[in-house]
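Right, one structure below, let's go through it.
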Amino acid sequence: MAEEIAVEEEQKIEMVADHGPNATEREATFIIRDEDHTIGGPLRYMLHKNPATDFAGYTIPHPSQPKMELRIQTTRGSAAGVFQESLDRLHEVGEHILHTFIATMDEFESQPDLMADD
Amino acid sequence: MQQRSPNVKITKLTEHIVKFVLRDTDPSVANALRRVIISEVPTMAIDVVEIEKNSSPLHDELIAHRLGLIPLRSETAHRKSYTRFCTCDGYCEQCAVEYHLYVKATDGPRDVTSRDLQKVMGDDAVMPVDNSQDPILIVKLATNQELKLKCVAKKGIGKEHAKWNPVEVVSMRYGANIKLNQPAIEDLTPERRAEFVGSCPVDVYTLDPTDKVSVTKPQKCMFCNECVKKAEYFDPDNKDLTPLVWVSQKQDEFHFRLESTGAIPPEDIVMRALEVLMQKLGDVSEFVARG
């Protein structure tokens, strides 16, 4: 007899758009599962660098719950769009740091004494 | 949007330690790297222990706890599956490594160490760190005491349990901006200059044979401000309005120091951490794209 195992489709992100007559696509709250200050901090930083961002902030409602809420309000363009853009830019930053680190590894291996600081 | 280009320079690399300087990026990015290094770089560690015989001085769960803390060579950990997601039934070569241990102290008191773990299934590379050079003590047995157990190591991250943390330590601090007020220093006697240079606990300054004071090792500065206090001591009434030295933190320069447990080479820990960080961003990105 086959056992049935229920597989839950858990959402990584839920976008909660504002309600009411003045709601537009420019404001939204994103509820992100299983993430914390590790990406919350850099995301907030990158969002603030975007001139289209009117408001950006994140909070972790309770440390026992693996949930992060990110609020974005823009002056132009959709909140989701600005969010996506910031994610992409952060990814680029990560890639750049990785490539630069690999390059400095090679540099160090060839001239260890030049780069040492002790 | 102005995008700065971050810069990295390694300043020290040994078997277990790497030191590097990350420049021109925000503290949140540097901190994200630090956090991922501690809690989200996967390693292998013993996670399930089945004890058959234990007449040692330590109780079962204490030994199991100690086994979990033994660092295992985890260079291949990132290629393995997590046991809970593996398609196998129970556990297999792709997601776990099994060891057996049996020691009976028949010839007198004997130490049980990480060398006594015999691998019976799984990746050959996943063995306790420093297996033969510096074995890790598990428990000491008196004559005729014995310990017999089976254990399974699995992939995990530091977030779930500190045993999966690949580093002993990772530290991060700001770089130092140290500027000497040379005209004011010229007004000091050589004795006072020596006193000033000597006030620094980590020798940031040097006094050369011509009694010239210079900043030779700003990277050592830990912002204790002893030099600033010494300067104030020389001039307590603050008759001179400009100080002898200005010490401030460079908020876009981060000095990292990382000490590996031996599970993963230190430079690989940094690279894996960056890959994990990008993977997390990618995972979030995928869902935003779907709407």
- Task: Post the alpha-carbon centroid distance, the range B:261-288 to the range B:1-68, in whole angstrom.
- Result: 12
- Surpassing 18 Å at the alpha-carbon level, of the pairs B:Lys12/B:Lys179; B:Lys140/B:Lys163; A:Lys12/B:Lys280; B:Lys19/B:Lys220; B:Lys12/B:Lys250, are B:Lys12/B:Lys179; B:Lys140/B:Lys163; B:Lys12/B:Lys250
- Message: Between helix A:37-49 and chain A, what is the angle of the helix's C-alpha long axis to the longest principal axis, kept within 0 to 90° and rounded to the nearest 10?
- Response: 90
- Amide H contacts of B:Ser56 (H built 1.01 Å from N, under 5 Å, at least 5 apart or other chain): B:Glu146
- Message: Students often check this: by mean Cβ neighbours within 10 Å, which of B:138-144, A:89-95 ranks highest, and how do the rest follow?
- Response: A:89-95, B:138-144
- Got the relative contact order for the range B:1-86 handy, in percent, Cα pairs under 8 Å and 6 or more residues apart? 22
- Keeping every protein chain in place, order B:Phe234, A:Phe83 by accessible area at 1.4 Å, biggest value first, i.e. largest first. B:Phe234, A:Phe83
- Query: Lys/Arg Cβ at +1, Asp/Glu Cβ at -1, dipole of the range B:123-182 taken about the Cα centre: which of B:Asn165, B:Ala153, B:Gln182 is farthest positive-ward?
  - Reply: B:Gln182
- Could you work out which residue, out of B:Ile264, B:Ile178, B:Ile46, moves most in a Gaussian network model of chain B, that is, has the largest mean-square fluctuation with Cα springs under 10 Å? B:Ile178
- Item | Accessible area buried between chains B and A, both sides summed, probe 1.4 Å, in Å² to nearest 100 | 4100
- Item | Helix-only mean residue ellipticity at 222 nm for chain B, each DSSP H run of n ≥ 4 adding -39500 (n - 2.57), per residue, nearest 500 | -7500 deg cm²/dmol
- Query: Heavy-atom accessible area per residue, the range B:197-291, 1.4 Å probe: how many Å²?
  - Reply: 52
- Relative to the longest principal axis of the C-alpha atoms of chain A, give the angle of the C-alpha long axis of helix A:79-110, reported between 0 and 90° and rounded to the nearest 10°. 20
- Nearest-20 debye value, the range B:117-262 charge dipole, Cβ charges on Lys, Arg, Asp, Glu: 900
- Message: Suppose a student asked you for the relative contact order of chain B, using Cα pairs under 8 Å spaced at least 6 residues apart; what percent would you report?
- Response: 27
- Note on the structure: Expected max-MSF residue from B:Ile269, B:Ile37, B:Ile63 in the GNM of chain B (alpha carbon, under 10 Å) is B:Ile63
- Task: Roll a 1.4 Å probe over the protein chains and send me the accessible area per residue for the range B:1-88 in Å².
- Result: 48
- Query: In deg cm²/dmol and to the nearest 500, what is the mean residue ellipticity at 222 nm of chain A if only DSSP H runs of at least 4 residues count, each as -39500 (n - 2.57), divided by the residue total?
  - Reply: -14000 deg cm²/dmol
- Query: Residue-wise, which Karplus ³J(HN,Hα) couplings in Hz belong to the range A:23-33, taking 6.51 cos²θ - 1.76 cosθ + 1.60, θ = phi - 60°, and x for glycine or proline?
  - Reply: 5, 10, 6, 7, 10, 6, 10, 10, 9, 10, 7
- Distant-in-sequence amide H partners of B:Met121 (H built 1.01 Å from N, under 5 Å): B:Glu98
- Can you find, among B:Ser199, B:Pro266, B:Leu277, the residue farthest towards the positive end of the dipole of the range B:198-291? Put +1 on the C-beta of Lys and Arg, -1 on that of Asp and Glu. B:Leu277
- Give the distance, in whole Å, between the Cα centre of the range B:143-167 and the Cα centre of the range A:6-70. 37
- Taking placed amide H atoms and a strict 5 Å upper bound, the residues 5 or more places from A:Asp18 or on another chain that come that close are A:Thr29
- Can you pull the mean other chain C-beta count within 10 Å for peptide A:37-47? 6
- Message: If I compute solvent accessible area with a 1.4 Å probe over the protein chains, what percent of it on the range A:1-105 is carbon and sulfur?
- Response: 50
- Query: Which of B:Tyr233, B:Tyr82, B:Tyr91 moves the most in a Gaussian network model of chain B with Cα springs under 10 Å?
  - Reply: B:Tyr233
- Item | Carbon and sulfur %, accessible surface of the range B:1-96 computed with the full protein complex present, 1.4 Å | 47
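The values are calculated or read from the model by the stated rules, or taken from the named source; none is laboratory data. No experiment lies behind these values; they were computed from the predicted model shown. Cβ: placed from backbone, ideal geometry, glycine included. Neighbour counts: every protein chain shown. All accessible areas refer to the heavy atoms of the entire protein, side chains included, with ligands and DNA or RNA removed. Shrake-Rupley method; radii C 1.70, N 1.55, O 1.52, S 1.80 Å.
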